[in-house]
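J.: Quick one: this structure, given as structure tokens, is what I'll be asking you about.
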Amino acid sequence: MDLANLLPHVNATLNTIATVLLLVARVMIARGRIAAHKRAMLAALAVSALFVITYVTYHYVAPIYVFRGYGWIRPVYYALLISHVLLAALAIPLILTTVGLALRRSDARHRAWARWTWPLWMYVSVSGVVVYLLLYQLYND
């Protein structure tokens, strides 16, 4: 399997791992386990950064892959894809700001930003996996 065929699967795996880490981090902070929350969030950040690298690499080496679904799923897919891409672009500066506030222990500001950043990051991670499933698994020929 060449890089162009392998990377979508790697990307989906990284998105899935990020989703699990974001959920773990949310549970940890709800239980007051700040150190565990911090570790899970930094791991989610690292996995997401690796995803961005592999995503950019994929789009550099691979041809454009066309969605093959028809009927009602086609506008659903494109609405999901467009929202995923736009919100992913918005999420990056929000994530970096929220993490920066946490690392500086500006806890009140971190919590205020995280109320918006966490659900957005979660949506981007989950929608990335759904886009992958629709494009490469469910409607692939």
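The values are calculated or read from the model by the stated rules, or taken from the named source; none is laboratory data. Predicted model, so just to flag it, every value in this text is computed and none were measured. Every residue, glycine as well, gets a Cβ built from its backbone with ideal geometry; the counts of neighbours run over all protein chains shown.
J.: Report, by residue number, each residue of region 21-40 that is exposed (fewer than 14 other Cβ atoms within 10 Å of the Cβ) and not in a helix (DSSP H, G or I).
T.: 31, 32
J.: Residues that are in contact (Cβ under 8 Å) with a residue 40 or more places away in the chain and in a loop (DSSP other than H, G, I, E, B): does region 42-63 have at least one?
T.: Looking through region 42-63, at least one residue is in contact (Cβ under 8 Å) with a residue 40 or more places away in the chain and in a loop (DSSP other than H, G, I, E, B).
J.: Of everything in region 106-141, what is in contact (Cβ under 8 Å) with a residue 24 or more places away in the chain and closer than 18 Å to residue 40 by Cα? Give them in sequence order.
T.: 117, 118, 120, 121, 122, 123, 124, 125, 126
J.: Oh, and also: Could you list all residues from region 86-126 that are of a type outside the set (A, V, I, L, M, F, W, C) and closer than 17 Å to residue 21 by Cβ?
T.: 98, 117, 119, 123, 125
J.: Right, another one. Could we say that residue 36 is in contact with a helix residue (DSSP H, G or I) (Cβ under 9 Å, 6 or more places away or on another chain), over 20 Å from residue 8 (Cα atoms), modelled with pLDDT of 95 or more and of a type in the set (A, V, I, L, M, F, W, C) here?
T.: It is true that residue 36 is in contact with a helix residue (DSSP H, G or I) (Cβ under 9 Å, 6 or more places away or on another chain), over 20 Å from residue 8 (Cα atoms), modelled with pLDDT of 95 or more and of a type in the set (A, V, I, L, M, F, W, C).
J.: In region 85-124, which residue that is closer than 19 Å to residue 36 by Cβ and small (Gly, Ala, Ser) is farthest from the chain's Cα centre (by Cα)?
T.: Restricting to residues being closer than 19 Å to residue 36 by Cβ and small (Gly, Ala, Ser), the top hit is 102.
J.: Return the residues of region 25-57 that are over 15 Å from the mean Cα position of the chain (by Cα) and polar (S, T, N, Q); say none if nothing qualifies.
T.: 57
J.: When the residues of region 92-139 are narrowed to those that are in a loop (DSSP other than H, G, I, E, B) and in contact with a helix residue (DSSP H, G or I) (Cβ under 9 Å, 6 or more places away or on another chain), which ends up surrounded by the fewest Cβ atoms within 10 Å (Cβ to Cβ)?
T.: The residue in question is 104.
J.: Follow-up question, since we're still on this one. Scan region 6-13 and tell me whether some residue there is closer than 21 Å to residue 96 by Cβ, at pLDDT 95 or above and either in contact with a His (Cβ under 6 Å, 6 or more places away or on another chain) or of a type in the set (Gly, Ala, Ser) (or both).
T.: Checked against the condition, which is being closer than 21 Å to residue 96 by Cβ, at pLDDT 95 or above and either in contact with a His (Cβ under 6 Å, 6 or more places away or on another chain) or of a type in the set (Gly, Ala, Ser) (or both), region 6-13 yields no hits at all.
J.: Which one is surrounded by the most Cβ atoms within 10 Å (Cβ to Cβ), of the residues in region 64-91 that are of a type in the set (Gly, Ala, Ser) and not in a helix (DSSP H, G or I)?
T.: Only one residue fits best here, namely 69.
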